[in-house]
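Scroll down for the structure; my scribbles are underneath it.
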Amino acid sequence: MSPSRKKDPGNSKKRGSIKDGGKDRDWRNGSSDTFIVREKTPMKRSMKLTVKPNWEEIEQVRNSSGKFLRSHGFSGDAVNALTMVISELIENGIKYGNFKEPENKVILTIHIGSRVVTVEVVNPVDETAHLHLRRLDRTIQWIRGYQDPFQAYTERIRAVSKRPLRDKESGLGLVRIAYEGKSILDFFVGDDNVLNVSAVSILEEDSRR
Amino acid sequence: MGEAKTFINNLLTLEVRENNNSINICWTGKSVDREPAKFITPILVDAIRKSSDYDKRVTLDFRELAYMNSSTITPIIKTLERAKRGKTRVTVTYLKSLKWQDVIFSALEIFRTKDGRVQIKGS
């Protein structure tokens, strides 16, 4: 699948993937497809969710993610910002993913580090995602061109506000992640046509209670 | 005496209160739909039209809103842009103490007009 900004280094193991040993599965909401895997080490804490590609699942993911982050001492403001990042990335995954096969799902992983929180959303894509991937690449590069994401955000708001009322396109999700979520975005498409979008949020001093 | 109408869509409620001088639209809950503009835009367009016809100030009160996705921001900023270019009087009210609201709504200062027709107020 092209274009891709950064190729998967040739193996299927993603950054921070959940290891088999010592994991703790927690089934939620009676869903057979959504589960949480927690791994705790002295340096890193992770949560993984497998999400059915239904819009209604997003709110459940927001609730589960918020609960997970609060359990690790994050403040209400930090939880709001991080769950916004998670929601926006999962929305994109559901909108542009390839879910023709019933086993295809969106996979969310949250890694809590000492200074950063990394959110990764992985979903299969097919040739119809070509335009989305080009726009994703262009938008991330465009955001990086600004020293302050606030400037990128206000510029995008100005542009979007002038579009016709009936125009469905928002185009604000990624720049909102950069500005409100204080996150650095990246993505790559693996050889197996799996899109991996990550947002690394740098924690502020008041992020934890 | 004022008139009040309540519009509910999924987790979002918009309560529209109209009196002789103003139209207040109070947002509560969460806006999480895939295409929230389908629900929001007609309500905002109607309020702006009445505002122009009867010279009433429209207040968009977000203080009770818990969350909105980025697709929700789109109809709001399109409304503000049209108000800025036209003659409508619009006030956006948000909760400054809630960080996500402060971050999102303070950025809407770009729509503020010098004559005070379009105001962005954090409280």
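Here are the numbers for the structure shown:
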{"read-out": "Within segment B:3-122: Cβ-based charge dipole about Cα centre, in debye rounded to nearest 20 (Lys, Arg +1; Asp, Glu -1)", "value": "360 debye"}
{"read-out": "Test item: Cα-centred dipole of the protein assembly as shown, Lys/Arg +1 and Asp/Glu -1 on Cβ, debye", "value": "680 debye"}
{"read-out": "Overall form of segment A:24-207 per C-alpha gyration tensor (a/c, 1.5; a/b vs b/c)", "value": "oblate"}
{"read-out": "Bins of 10 Å, starting at 0 and running to the largest distance - Cα pair percent for the protein assembly as shown", "value": "5, 25, 33, 23, 11, 3, 0"}
{"read-out": "Chymotrypsin sites (Phe, Trp or Tyr not before Pro) restricted to segment A:43-86 and DSSP loop, no more than 16 other C-beta within 10 Å", "value": "A:Trp55"}
{"read-out": "Options A:Gly145, B:Trp27, B:Ile110, ranked by Cα towards positive dipole end of the protein assembly as shown, top entry (Cβ charges)", "value": "B:Ile110"}
{"read-out": "Pair-distance profile P(r), taking every C-alpha pair of chain B, with 5 angstrom steps and integer %", "value": "2, 11, 23, 26, 22, 12, 3, 0"}
{"read-out": "Cross-link reach list, aspartates and glutamates versus A:Lys182, counting only Cα pairs under 16 Å and skipping chain neighbours closer than eight places", "value": "A:Asp77, A:Glu88, A:Glu120, A:Asp148, A:Glu204, A:Glu205, A:Asp206, B:Asp102"}
{"read-out": "Sparse-neighbour loop sites [GluC sites (Glu not before Pro); segment A:161-209; at most 15 other C-beta within 10 Å; DSSP]", "value": "A:Glu169, A:Glu204"}
{"read-out": "Links that overshoot a 24 Å alpha carbon limit, given the list B:Lys5/B:Lys30; A:Lys67/B:Lys38; A:Lys67/B:Lys5; B:Lys50/B:Lys78; A:Lys162/B:Lys87; A:Lys52/B:Lys78", "value": "A:Lys67/B:Lys38; A:Lys67/B:Lys5; A:Lys52/B:Lys78"}
{"read-out": "Separation between Cα centres of segment B:58-122 and segment A:129-166, rounded to whole Å", "value": "20 Å"}
{"read-out": "GluC sites (Glu not before Pro) within segment A:77-136: DSSP coil, no more than 15 neighbouring Cβ in 10 Å", "value": "A:Glu103"}
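Readers should treat all values here as calculations from the given coordinates under stated rules, not as data from a laboratory. Keep in mind it's a predicted model, so treat the numbers as computed, not measured. Note that we place each Cβ from the backbone using ideal geometry, even for glycine, and neighbour counts take in every protein chain shown.
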